[in-house]
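Structure first, commentary second.
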Amino acid sequence: MPLTADLGISAGTYQTRTLDLTTSEDRLSFRRGVHLTSGTGAGKADRVFHDQRTLAASATEDLDLAGVLLDAFGAAATFAKVKGLFISAAATNVNNVVIGAGTAPWVTLLNSTGTITLRPGASFGAMAGVADATAYAVTATTGDILKVTNSGAGTSVVYDIVIVGTSA
């Protein structure tokens, strides 16, 4: 089925400083992104997975990027390459959401020991739109696990995840 994706990041800031006779201002509108059409090469994507997930207190889950995740239509979303990864921790969480490498780790992004800690309300956009044909490779069986961990005991955590990529 055809897929079209717009992936990106943005930051907007506005600050002022009052001087003797005037007010100076500084505006920033920073936007970077890509538009991907359906396919598997450069500037293309054909797989997407998105979900809101809950992890029990102190729990961990391994997201298998090569064959276990299901897309919105119930079909396996098997990724060969990832072109966009977005994760957002719920603001109501008490504990952090930690992203890292598990058994058979997907090390293309974080290597085998790296982690990203999302405090409550934090969002992370990695590869916020990779348009090239290389992207971030997923190796089925040996390099396809993205580990997500609830950092503490006592309460569950909720997080949203979006993965966009290709099947080849």
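The values are calculated or read from the model by the stated rules, or taken from the named source; none is laboratory data. Since the model is a prediction, treat every value here as computed from it, not as a measurement. So basically every Cβ, Gly included, is an ideal-geometry build from the backbone, and we count neighbours across all protein chains shown.
Inside region 116-141, residues that are surrounded by 12 or more Cβ atoms within 10 Å (Cβ to Cβ) and more than 13 Å from the chain's Cα centre (by Cα) make up a count of 9. Looking only at residues in region 89-107 that are β-branched (Val, Ile, Thr), modelled with pLDDT of 90 or more and under 15 Å from the mean Cα position of the chain (by Cα), which one is surrounded by the most Cβ atoms within 10 Å (Cβ to Cβ)? It comes out as VAL97.
Filtering region 28-71 to residues that are in a loop (DSSP other than H, G, I, E, B), polar (S, T, N, Q) and within 13 Å of LEU3 (Cα to Cα) leaves only THR40. Looking at the structure I just gave you, is GLU25 closer than 20 Å to TYR159 by Cβ, more than 15 Å from the chain's Cα centre (by Cα), not basic (Lys, Arg) and not in a loop (DSSP other than H, G, I, E, B)? Here the answer is no, as GLU25 does not meet what is asked. Scoring VAL130 on the criteria (1) part of a loop (DSSP other than H, G, I, E, B); (2) touching a helix residue (DSSP H, G or I) at 6+ places or on another chain (Cβ under 8 Å) leaves a single failure, condition (2). Could you grab me the full set of residues in region 60-88 that are loosely packed, with under 14 Cβ neighbours inside 10 Å, farther than 15 Å from LEU146 by Cβ and in contact (Cβ under 8 Å) with a residue 12 or more places away in the chain? Those that are loosely packed, with under 14 Cβ neighbours inside 10 Å, farther than 15 Å from LEU146 by Cβ and in contact (Cβ under 8 Å) with a residue 12 or more places away in the chain: LEU70, ALA72, PHE73. With the condition kept exactly as written, say whether any residue in region 1-18 is surrounded by 13 or more Cβ atoms within 10 Å (Cβ to Cβ), over 19 Å from PHE124 (Cα atoms) and within 30 Å of the chain's Cα centre (by Cα). Yes, the conditions are met somewhere in region 1-18.
If you filter region 146-161 down to residues that are within 15 Å of ILE116 (Cβ to Cβ) and among the hydrophobic types (A, V, I, L, M, F, W, C), you find that the one that is nearest to the chain's Cα centre (by Cα) is ILE161.
Which condition from (1) under 28 Å from THR117 (Cα atoms); (2) assigned to a strand (DSSP E or B) is the one that THR103 breaks? If we test THR103 against (1) under 28 Å from THR117 (Cα atoms); (2) assigned to a strand (DSSP E or B), just (2) comes out false. Evaluated against (1) surrounded by 15 or more Cβ atoms within 10 Å (Cβ to Cβ); (2) among the aliphatic types (A, V, I, L, M); (3) touching a residue at least 40 places away in the same chain (Cβ under 8 Å); (4) over 26 Å from THR37 (Cα atoms), LEU110 falls short on exactly one condition, (3).
What residue, among those in region 19-44 that are exposed (fewer than 10 other Cβ atoms within 10 Å of the Cβ) and hydrophobic (A, V, I, L, M, F, W, C), is nearest to THR134 (Cα to Cα)? Step by step, filter region 19-44, then rank; the result is PHE30.
Looking at GLY121, GLY74, just one residue is over 30 Å from ARG31 (Cβ atoms) and part of a loop (DSSP other than H, G, I, E, B), and that residue is GLY74.
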